[in-house]
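A.B. asks: Sharing a structure here in structure tokens format.
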Amino acid sequence: MTNATHAAGQFSTGSACRYGDRIMIIPADKLKRLWGYLRPYWVMESFTLATMGAIALLSLALPIAIQYMIDTLIPGLVQTSGQPVDIQPVVLFVVLLLGLYLSMVLLGWLRDYLVAYVGSNIIRDIRSQLFAHLERLSLRFYQDHQVGEVMSRTLSDVGRVQDLLTSTLLMFFTNILMLIAVVAYLVQTNWMLTVVALIPVPATIILANRYGKKLNLIATGIQQTIASLTARLQESLLSVKTVKAFGQEEREQKRVDGVLGSLTGYYIKSSVTNSLAVNVTHFVNMIGPIIVLGWGVYLVATGGMKLGELIAFYILLNYLYAPIHSLAETNLQVSSAMASVDRVFEYLDLPEGVTEAATPVTLGAPRGEIQMEHVSFDYGNGGFQIRDLALHIRAKEKIALVGPSGSGKTTIINLIMRFFDPDKGEILLDGIDLRSLSIASLRNGIALVDQDPVLFKMSIFDNIAYGHPAASEAQVMDAARVANIHDFIMSLPNGYKTEVGERGVTVSGGERQRICLARAIIKDPAVLILDEATSALDSQSEQLIQDALRKVLVDKTAIIIAHRLSTVQHVDRIVALENGKIIDQGKHDELTERCPLYRELAAKQMLI
């Protein structure tokens with residue numbers, strides 16, 4: 001019979017299903033959102049349902065055929081005793097059964113294809129939508145959430161939503177069709193035996209609901225533990241160099257084993273509880289067939305029922321209890337899947353970090369003038385704050401932001417890049433509020449070279465052209481030459497086609513930084529931001545980048561964050577920051593004389 005364990009989810013207008021010992025109401029708005037994913041494929045889904053219904057009805061043919069064979073075919077052949085047996089009815093009977101089973105095989109193949117097609121497209125649509133939304137969330141979200149947890153929801157939870165909209169939904173309606181057909185046939189055969197057969201049904205529903213609540217709690221624990229395991233593995237593997245450097249492999253192994261131990265416990269509980277639920281329910285279900293069998297034997301003996309009818313009736317009882325058991329387990333299937341639905345929708349409902357104006361302004365060729373007027377901002381955790389900050393950067397001016405760690409340098413960059421919006425005040429690019437600009441226009445006009453340069457697992461050519469996918473080979477090479485990285489690339493066996501490892505681990509820090517600088521150069525931005533771009537480099541690599549920057553920054557606005565004051569002594573203006581405030585600004589010599597904070601920083605670096 002159809003898999004009882006693939007129980008159906010309830011998607012009716014009433015939208016209520018059993019949830020443990022209580023009623024769980026699936027909100028109409030949630031059903032509407034789920035229907036939105038299914039709507040593009042409703043024709044295929046309907047055809048799949050019709051196919052599954054046909055398979056369910058054809059599966060009833062075997063007991064009916066057995067009844068016909070015992071009560072009609074065999075007696076008809078026996079009546080011709082003494083004469084040669086007419087083999088033609090037997091051949092036709094066998095051919096008919098073979099045809100039925102061949103039809104079921106073909107319909108089964110069609111069903112599996114349709115379910116796979118619809119399910120694969122739905123899971124693609126949800127994951128694509130979720131990923132697109134995750135990309136639009138602010139950096140604050142990623143500061144508060146582990147990447148492993150995000151990946152778990154994108155992969156595991158979305159997969160369970162797909163099962164709900166395909167397998168669970170289709171099996172629910174198939175079981176309903178099967179139940180109606182079987183009950184109709186049983187009632188027509190012997191309504192009194194049918195009533196007896198239905199006696200265990202209430203107990204079956206009660207048991208399924210009781211065990212369903214326990215299994216749902218276990219399933220939720222498994223999902224949460226898998227998310228923790230994913231996060232733990234992701235953190236350990238990304239930090240493998242640090243782990244090895246400090247000899248902490250055993251410690252990381254114990255941390256992973258701890259999560260695996262919890263997961264193992266959940267799996268054992270799930271297996272034991274599920275086995276108990278199946279076996280106890282099966283025992284209760286057998287009460288009806290045993291009574292039916294005993295009573296049926298009596299009816300056959302007294303002539304109240306034919307033997308073929310009894311055998312067909314008994315076989316059909318299996319077809320009766322399987323869909324009933326599956327429908328009783330709807331609680332478990334739906335509530336477990338709805339937990340994943342909630343986890344996916346929780347992310348989809350998070351507000352975007354920054355939103356684009358309804359009619360955004362597009363800058364063709366920005367000049368690069370930046371104004372921060374009475375800007376206030378905090379990260380919402382009661383820590384660092386910027387209050388009433390004002391800063392004006394002229395077009396093509398080169399400024400440096402200096403100050404101790406936590407003074408607000410990177411926060412200012414994040415606000416200019418519009419990774420965050422200020423709580424108060426406004427930031428202008430060429431006199432236009434950043435919130436009025438199209439995000440694409442803003443990001444096209446500004447390039448950032450971060451202190452932690454990231455390369456993707458692709459060729460060096462593609463990494464350089466990342467911000468300008470249409471760039472020609474000549475443009476990529478020109479950018480590499482300006483960044484003083486062309487000669488190194490050409491020395492590699494595959495040149496620009498050389499693929500770097502994940503996060504660029506196959507090249508040195510200096511080489512990685514210069515490739516990232518080339519990636520910024522090829523955009524030809526009006527504003528170039530360097531956030532500690534040389535802080536972790538050796539003197540030779542730093543000198544190569546400084547030589548490159550002298551060529552790059554000639555006609556651009558530049559904002560440079562640097563702890564090494566020697567790298568920014570010759571900029572147009574140095575802005576000294578402390579605790580989110582500008583305490584002074586001017587040339588190196590001016591600040592050395594009048595700014596105690598800058599003088600202290602310079603003295604520590606032996607610049608005075």
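The values are calculated or read from the model by the stated rules, or taken from the named source; none is laboratory data. Please read all numbers here as calculations on a predicted model, not as lab measurements. Neighbour counts are summed over all protein chains in view; Cβ atoms, including those assigned to glycine, are modelled from backbone coordinates with ideal geometry. The area values use the complete protein model at the heavy-atom level, side chains included, leaving out ligands, DNA and RNA. Shrake-Rupley method; radii C 1.70, N 1.55, O 1.52, S 1.80 Å.
A.B. asks: Please identify the pairs in which a residue from the range 577-599 that is polar (S, T, N, Q) has its Cβ atom under 9 Å from the Cβ atom of a residue that is open to solvent by 90 Å² or more (accessible area, probe 1.4 Å) and not in a helix (DSSP H, G or I), counting only partners at least 6 apart or on another chain.
C.D. replies: 592/608
A.B. asks: Scan the range 87-129 for residues that are over 28 Å from residue 162 (Cβ atoms) and hydrophobic (A, V, I, L, M, F, W, C) and jot them down. It would help to see each step written out before you state the result.
C.D. replies: As a first pass, look at the range 87-129 and keep what is over 28 Å from residue 162 (Cβ atoms): 87-103.
Within the range 87-129, 87, 90, 91, 92, 93, 94, 95, 96, 97, 98, 100, 102 meet the criteria.
A.B. asks: Still on this structure, I have one more. Checking the conditions here, which among 182, 187, 196, 201 is free of Cβ contacts under 8 Å to residues at least 60 places away in the same chain and closer than 23 Å to residue 312 by Cα?
C.D. replies: None of the others qualify; the one that does is 187.
A.B. asks: Further question on the same structure: Residue 146 - would you say it is within 30 Å of residue 378 (Cβ to Cβ) and modelled with pLDDT under 90?
C.D. replies: yes
A.B. asks: What is the residue count in the range 90-119 for residues that are open to solvent by less than 100 Å² (accessible area, probe 1.4 Å) and touching a residue at least 12 places away in the same chain (Cβ under 8 Å)?
C.D. replies: Residues flagged as open to solvent by less than 100 Å² (accessible area, probe 1.4 Å) and touching a residue at least 12 places away in the same chain (Cβ under 8 Å) within the range 90-119 amount to 15.
A.B. asks: Still on this structure: Determine which single condition residue 28 fails, assuming it passes every other condition in (1) open to solvent by 40 Å² or more (accessible area, probe 1.4 Å); (2) more than 30 Å from residue 210 (Cβ to Cβ); (3) hydrophobic (A, V, I, L, M, F, W, C); (4) modelled with pLDDT of 80 or more.
C.D. replies: Result: residue 28 fails condition (2) only.
A.B. asks: Hey, could you check the range 425-462 for residues that are in a loop (DSSP other than H, G, I, E, B) and of a type in the set (S, T, N, Q) and say which is modelled with the lowest pLDDT?
C.D. replies: Going through the qualifying residues, I end up with 451.
A.B. asks: Please go through the range 239-267 and pick out each residue that is open to solvent by 70 Å² or more (accessible area, probe 1.4 Å) and farther than 16 Å from residue 225 by Cβ.
C.D. replies: Answer for the range 239-267, where residues must be open to solvent by 70 Å² or more (accessible area, probe 1.4 Å) and farther than 16 Å from residue 225 by Cβ: 241, 242, 244, 245, 246, 249, 250, 251, 253, 254.
A.B. asks: Test residue 487 against the criterion of being in contact (Cβ under 8 Å) with a residue 24 or more places away in the chain and under 21 Å from residue 550 (Cβ atoms), and give yes or no. Don't jump to the end; show me each part of the working.
C.D. replies: Values: in contact (Cβ under 8 Å) with a residue 24 or more places away in the chain: no; under 21 Å from residue 550 (Cβ atoms): yes.
No, not satisfied.
A.B. asks: State all residues of the range 151-175 that are open to solvent by 60 Å² or more (accessible area, probe 1.4 Å) and touching a residue at least 60 places away in the same chain (Cβ under 8 Å); if no residue qualifies, say none.
C.D. replies: Of everything in the range 151-175, those that are open to solvent by 60 Å² or more (accessible area, probe 1.4 Å) and touching a residue at least 60 places away in the same chain (Cβ under 8 Å) turn out to be 151, 163, 173.
A.B. asks: Among what's in the range 581-606 and is of a type outside the set (D, E, K, R), more than 49 Å from the chain's Cα centre (by Cα) and surrounded by fewer than 15 Cβ atoms within 10 Å (Cβ to Cβ), pick the residue that is farthest from residue 385 (Cα to Cα).
C.D. replies: 606
A.B. asks: Among the listed residues 340, 336, identify the single one that is open to solvent by 10 Å² or more (accessible area, probe 1.4 Å) and either more than 19 Å from residue 426 (Cβ to Cβ) or of a type in the set (Asp, Glu) (or both).
C.D. replies: Result: 336 is the single residue among 340, 336 that is open to solvent by 10 Å² or more (accessible area, probe 1.4 Å) and either more than 19 Å from residue 426 (Cβ to Cβ) or of a type in the set (Asp, Glu) (or both).
A.B. asks: Would you please name the residue that is farthest from residue 286 (Cα to Cα), looking only at residues in the range 176-200 that are polar (S, T, N, Q) and open to solvent by 10 Å² or more (accessible area, probe 1.4 Å)?
C.D. replies: Across the range 176-200, the extreme among qualifying residues is 188.
A.B. asks: Show the residue pairs that are 6+ apart or on different chains and have beta-carbon atoms under 7 Å apart, the first residue being within the range 352-363 and within 18 Å of residue 428 (Cβ to Cβ), the second being open to solvent by 50 Å² or more (accessible area, probe 1.4 Å) and of a type outside the set (S, T, N, Q).
C.D. replies: From the range 352-363, the pairs are 357/435.
A.B. asks: Listed residues 312, 277; which is in contact with a Phe, Trp or Tyr (Cβ under 8 Å, 6 or more places away or on another chain), open to solvent by less than 50 Å² (accessible area, probe 1.4 Å) and aliphatic (A, V, I, L, M)?
C.D. replies: Criteria check complete, one pass: 277.
A.B. asks: So is residue 358 out of contact with any helix residue (DSSP H, G or I) (no Cβ under 9 Å at 6 or more places or on another chain), under 26 Å from residue 444 (Cβ atoms) and among the small types (Gly, Ala, Ser) or not?
C.D. replies: yes
A.B. asks: Can you spot a residue in the range 80-89 that is open to solvent by 70 Å² or more (accessible area, probe 1.4 Å), of a type in the set (A, V, I, L, M), over 21 Å from residue 182 (Cα atoms) and modelled with pLDDT under 80?
C.D. replies: Quick first cut of the range 80-89, residues open to solvent by 70 Å² or more (accessible area, probe 1.4 Å) only: 81-88.
Next cut, of a type in the set (A, V, I, L, M) only: 85, 87.
From what's left, over 21 Å from residue 182 (Cα atoms): 85, 87.
Add one more test, that the residue is modelled with pLDDT under 80, and what stays is 85, 87.
Looking for residues that are open to solvent by 70 Å² or more (accessible area, probe 1.4 Å), of a type in the set (A, V, I, L, M), over 21 Å from residue 182 (Cα atoms) and modelled with pLDDT under 80, one finds at least one in the range 80-89, hence yes.
A.B. asks: For the range 292-309, enumerate the residues that are among the aliphatic types (A, V, I, L, M) and open to solvent by 80 Å² or more (accessible area, probe 1.4 Å).
C.D. replies: 297, 301, 307
A.B. asks: Suppose we keep only residues that are over 16 Å from residue 527 (Cβ atoms) and under 27 Å from the mean Cα position of the chain (by Cα) within the range 410-426. Which one would you say is least open to solvent (accessible area, probe 1.4 Å)?
C.D. replies: For the range 410-426, the residue satisfying everything is 420.
A.B. asks: Now for a separate question. Criterion first (closer than 19 Å to residue 532 by Cβ and open to solvent by 20 Å² or more (accessible area, probe 1.4 Å)) does residue 578 satisfy it?
C.D. replies: So residue 578 passes the test.
A.B. asks: Are any of the residues in the range 69-76 of a type in the set (D, E, K, R), surrounded by 15 or more Cβ atoms within 10 Å (Cβ to Cβ), modelled with pLDDT under 90 and in contact with a Lys or Arg (Cβ under 9 Å, 6 or more places away or on another chain)? If you could, list the steps in order and put the result at the bottom.
C.D. replies: Let us first name the residues in the range 69-76 that are of a type in the set (D, E, K, R), namely 71.
Checking which are surrounded by 15 or more Cβ atoms within 10 Å (Cβ to Cβ) leaves us with 71.
Filter once more, keeping what is modelled with pLDDT under 90: 71.
Remaining after also requiring in contact with a Lys or Arg (Cβ under 9 Å, 6 or more places away or on another chain): 71.
Yes, that holds for at least one residue.
A.B. asks: While we're here: Quick one: is residue 429 surrounded by 20 or more Cβ atoms within 10 Å (Cβ to Cβ), free of Cβ contacts under 8 Å to residues at least 60 places away in the same chain and of a type outside the set (Asp, Glu)?
C.D. replies: Spelling it out, it is not the case that residue 429 is surrounded by 20 or more Cβ atoms within 10 Å (Cβ to Cβ), free of Cβ contacts under 8 Å to residues at least 60 places away in the same chain and of a type outside the set (Asp, Glu).
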